[in-house]
Amino acid sequence: MVTSSHPQIQPILSSKDANIYYGNFLAVRDVTIDIPKNSITAFIGPSGCGKSTVLRCFNRLNDLIKTFKMRGRMNYHGQDLYSPEIDPVAVRRQIGMVFQKPNPFPKSIYDNIAFGPRLVNYKGDMDELVERSLRGSALWDEVKDKLNESGLALSGGQQQRLCIARAIAMQPDVILMDEPCSALDPISTLKVEDLLQELKEKYTIVIVTHNMQQASRASDYTAFFNVEQTDRGRTGHIVEYDRTEVIFQNPQQQATQSYVSGRFG
Amino acid sequence: MNSTPFPTPEDSSNQGLINRLKRQPSSPRTLFNTVMTVIVFVCAAIAIVPLVAVLWYVLEKGGSRLSLELFTQLPPPPNALGGGFGNAFIGTLMTVGIGSAIAIPCGILAAIFLSEFAAGTRLANWIGFLTNVLSGVPSIVVGVFAYSMVVLTMGGFSAIAGGFALAVLMLPIIVRTATESLALVPQEARQAAVGLGATRFQTVARVVLPAALPPILTGVMLAVARASGETAPLIFTALFNNFWPKGVSEPIATLSVLVYNFATTPYKNQQELAAAGSLILVLMVTIASIGSRLIVKRK
């Protein structure tokens, strides 16, 4: 009953029959999804349904978990991300990540942005890159006079935009966002959402969110995840994946209909 | 009569409730509280007594001899007047310096291994356990170990042997405090670095280590302070020397061994020098720990 691969645009990330395990526990099963380029794709669903787990597979961040195993395929521009010849560090440079909790380094605003480019010995004009990245995350006007102050001195919303700027500075292809607004107030949330619309001109964005209004407002495509109890624990899977307006207005699955209308979850 | 639905204090039905809020100075609970508070303060005062007493004793006995001469002159022969312990002061700096040069890099790198690369593995647990055992080994045993490892193989007492013994004593302190400091760095910081495409080494060197540096420095200072006061492991490794140090492979005087040697002599001048030496040792340790506090505060 899994519907997927609807968008008929060339996918930048695609996953086929991926099963994700932690040890022997099957966390998410049968993930088949195509993420189109220059779009915003939202992952929604109840807690524990594996949205973040799938997201973190796309830039191999789950490799840090010792018991993690992935069976199936996860492709980036058609290349298998889990092939032995692929360096996970290089993957993370192309596919950036913004975390749920704003996590600036305990360094100055400038050094936070310059951190990534310095990792790869960026040869260009660092000042210019820092400014461009901060402008890109709509933070420049607020911090241009205090670039040497600690990133931790900013408000939560500013910190999250700093983290987005930090991801942009690596000039990635894709930006993965794991509930980036869950720790922010409504005004900061709106700023980040506005920012997403600008960012998708240049980048492909995949965003995990618990906020259904956010998914319906901000995304082009939405994947609804659900979780079911099996004899081996709670396993998540994708119920339905389609254009956002279809998911919210005319979903094909009963479970999706119940979730987006607020009857469970 | 009431315009609000809420009960007011005048309501007699609430009087019992209100009475329960009032202070009851003679209740067993209050008395027990007072007694325990007094006991806690008395115990805190008792804990401070030895510290104040030691400082007072050292200042009173050694304060009068405090002068530049102490650092520029050699220990006098018995019955002679004046003199100093410049050689022992330099010797302490040398042995502690050699010990630090071995123990600080080894200890911090070991801590990085334990907390960043092998955390949770059986190997790391064993190394952590053995480090704790090492920190409990009496310093005299460490001295015997350094004697057989360095003195016997090098064919004589030396500053190197003393420094080696001190390094063995410093190592567990540094490893333990540095491991704890690294563990305190939030996991989010590591994830942020890895998410930006940092390698493991870049994550440790550019994010984790800088964030953990202040508490690591405190641990290092603690180890240096401990080492500079050690006597037992130096007696049969660095030995003693009445003259200025000529190199690291010669027997060398240290302040702690000088205090040990001179405090028990029958000569008044030597006894005074021992007291002055104690004072300098206490001052060195105090300055080291204040210095580490300042470094931590400034960060």
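The values are calculated or read from the model by the stated rules, or taken from the named source; none is laboratory data. Quick caveat: nothing in here was measured; it's all calculated off a predicted structure. Virtual Cβ from ideal backbone geometry, glycine too; neighbours counted across all protein chains shown. Heavy atoms of the whole protein, side chains included, go into the accessibility calculation; ligands, DNA and RNA do not. Shrake-Rupley method; radii C 1.70, N 1.55, O 1.52, S 1.80 Å.
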Open item on the list: For a quick check of your reading of the filter: which GluC sites (Glu not before Pro) in segment A:189-234 sit in a DSSP loop and have no more than 15 other Cβ atoms within 10 Å?
Closed with: A:Glu201
Task: B:Leu123/B:Met149 FRET efficiency (R0 22 Å; Cβ-Cβ; nearest 0.05) - done: 0.35
TODO: Enter the accessible area per residue of chain A (Å², integer; probe 1.4 Å; all protein chains in place).
DONE: 43 Å²
- [ ] State whether segment B:69-298 is rounded, prolate or oblate according to the following rule on the C-alpha gyration tensor (a ≥ b ≥ c being the square roots of its eigenvalues): a/c under 1.5 gives rounded; otherwise a/b larger than b/c gives prolate, and the remaining case gives oblate.
- [x] prolate
TODO: Provide the FRET efficiency to the nearest 0.05 for the B:Gln73-B:Ser249 pair, computing r from the beta carbons and using R0 = 25 Å.
DONE: 0.55
Task: Cβ charges +1 (Lys, Arg) and -1 (Asp, Glu), total dipole of chain B, debye - done: 440 debye
Task: Per-residue average of Cβ from other chains inside 10 Å of A:100-106 - done: 5
TODO: Please report the relative contact order for chain B, taking Cα pairs under 8 Å with a sequence separation of at least 6, and give it as a percent rounded to a whole number.
DONE: 24 percent
Open item on the list: What does the buried accessible surface come to for B and A, summed over both chains, with the probe at 1.4 Å? Round to 100 Å².
Closed with: 1600 Å²
TODO: Could you check the simple spin-label distance between A:Leu190 and B:Thr199, using points 7 Å along Cα→Cβ, in nm with one decimal?
DONE: 4.7 nm
TODO: Kindly tabulate the residues in segment B:177-211 with an accessible-area decrease of at least 50 Å² between the chain alone and the assembly of all protein chains, using a probe of 1.4 Å.
DONE: B:Glu188, B:Gln191, B:Ala192, B:Val194, B:Gly195, B:Leu196, B:Gly197, B:Arg206
Task: Alpha-carbon spread of segment A:147-201, three principal axes, descending order, Å - done: 29, 27, 18
Open item on the list: Could you compute the longest span of chain A free of trypsin sites (Lys or Arg not before Pro) located in DSSP loops and having at most 14 other Cβ atoms within 10 Å, not counting the site residues?
Closed with: A:1-65
Task: Neighbour-limited loop hits for GluC sites (Glu not before Pro), segment A:87-176 (at most 13 other Cβ within 10 Å; DSSP other than H, G, I, E, B) - done: A:Glu149
Task: Span-like helix ranges in chain B, DSSP H, alpha carbon extent 20 angstrom or more, Kyte mean at least 1.0 - done: B:28-62, B:86-112, B:159-184, B:209-229
Task: Accessible-area composition of the protein assembly as shown, carbon plus sulfur, in percent [1.4 Å probe] - done: 61 percent
TODO: Compute the FRET efficiency between B:Leu21 and B:Ile140 as 1/(1 + (r/R0)^6), taking r as their Cβ-Cβ distance and R0 = 51 Å, and round to the nearest 0.05.
DONE: 0.25
Open item on the list: What does the C-alpha gyration tensor say about the overall shape of the protein assembly as shown? Classify as rounded when a/c is under 1.5, otherwise prolate if a/b is larger than b/c, or oblate.
Closed with: prolate
Task: Accessible-area value, B:Trp244, 1.4 Å probe, nucleic acids and ligands omitted, Å² - done: 100 Å²
Open item on the list: Relative contact order for segment A:17-106: what percent, with Cα pairs under 8 Å and sequence separation of 6 or more?
Closed with: 30 percent
- [ ] Calculate, for segment B:69-298, the solvent-accessible area per residue in square angstrom, rolling a 1.4 angstrom probe over the heavy atoms of the protein chains.
- [x] 45 Å²
Open item on the list: For segment A:2-92, what are Rg and Dmax over the alpha carbons, in angstrom?
Closed with: 12.8, 36
Task: Whole-Hz ³J(HN,Hα) from phi, Karplus 6.51 cos²θ - 1.76 cosθ + 1.60, for segment A:102-118, glycine and proline x - done: x, 10, x, 6, x, 9, 5, 4, 4, 5, 4, 6, 6, 4, x, x, 5
